[in-house]
1. Rounded, prolate or oblate, given the Cα gyration tensor of region 229-303, with a/c below 1.5 counting as rounded?
2. What are the GluC sites (Glu not before Pro) within region 164-272 that DSSP puts in a loop, where the Cβ has at most 16 other Cβ atoms within 10 Å?
3. For GLU245 and LEU187, FRET efficiency with R0 = 45 Å and r from the beta-carbon atoms, rounded to 0.05?
4. Consider a paramagnetic label point 7 Å from the Cα of GLU5 along Cα→Cβ; state which residues of region 268-286 have an amide N under 20 Å from it.
5. Simple spin-label model, 7 Å along Cα-to-Cβ: ALA235 to TYR167 in nm?
6. Report the residues of region 111-155 in range of a label on LEU253: point 7 Å along Cα→C-beta, backbone N strictly under 16 Å from it.
7. Label-point separation (nm) for GLN218 and SER272, each offset 7 Å from Cα along Cα-to-Cβ?
8. Using r as the Cβ-Cβ distance of VAL47 and GLU298, and R0 as 45 Å, what FRET efficiency do you calculate, to the nearest 0.05?
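Each value in this text was obtained by applying a stated rule to the coordinates, not by laboratory testing. Note that the structure is predicted; figures quoted are calculated from it, not measured. Cβ sites come from the backbone with ideal geometry, for glycine too, and all protein chains shown count toward neighbours.
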Amino acid sequence: MSVWEPDEGEVLLARAPVTFASGAVMRVSGMRWFRDQDRHDIQGELVGWPAGPTYTAHSTSGTIARNTVKGVAIAAGVAVLAFLSAHGGNLTGYMDSGDGSDTSSDDPADEVDDFPVIWAAQGTVARTLPWQLDPGRSSEKRYRTHAVVTDRRLVIVGFPNVKGNRYRVDDELLWETPRSTIERVELRSFQASRDVKIVFTDGSWCRLNSVSRERLTQFLIEPPDFIPLDSLTPAQRTTAEDFAEAQAPDAELPLVMRNPCGCFRVEVLALSEVEALFGHSGLSMVMDGNGTELKHMEYHPEDLRS
């Protein structure tokens, strides 16, 4: 069993499960496409990719019909609930579905009418992404993919999924790119999705989904700005190092960041703590300017991080 490790001097920042995203609205629900800049399908041109499913977006008329039926069903359900409520019925357990509107997208061309997860001209970075990220080609029941963020690069690894053993991780390096190739990272939350759009400097981009999106992207959106241990006061450094020593034997040196409120977040990562479902959640604590560890009820809003 082998967990991917950064090079000597390279700082591991985050690790989280990731796949290509899937459409949410009825027209593109559960679907995804791979496009060039003229919106042509390119999945047959992606080097080394096995054949996968071919999707056809639902027609607008069909979508309207389905939404109409759904609307009628919801209206009927509301009427029944109103009748039960008026007659003393027990409504325990009822919850609004919370479905958003198909028309509320800021990017309808790529979220409602179409749903590309790779957008790439010939020779661009996004065309090199691994096929294992595609749920249509690689089932998470058998194989999982994680993204790893360091201070130098973004890495994609994969490993066989062993049911019932969440700490069995045997990594295969699938893909990597230097941070310098990433122009920007955008969080996409249409229809309550946990998607992220990564735009590369060559104009290509990809759309990924992660249950740990905030943790995965926090150091991609904002470059890491850690405080060197020798810049801390003796009391602060002692607290940070004591916290690291109390974790797993292979724990790395503590990473210290100053929060806007003036407190310090101390985070420790250990490769032995990587798990199949959630990647690496990190071990953290918050201390004040005097180096005193805060209890959770003493945290400021700025001290909370996903």
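1. Since a/c reaches 1.5 but b/c is at least a/b, the shape of region 229-303 is classed as oblate.
2. Here the sparse-neighbourhood loop sites are GLU252.
3. 0.80
4. In region 268-286, the label zone of GLU5 (backbone N under 20 Å from the point 7 Å along Cα→Cβ) covers 268-276, 279-283.
5. 3.6 nm
6. 151-152
7. Reported label-point gap for GLN218 and SER272 is 2.4 nm.
8. That pair, VAL47 with GLU298, gives E of 0.25.
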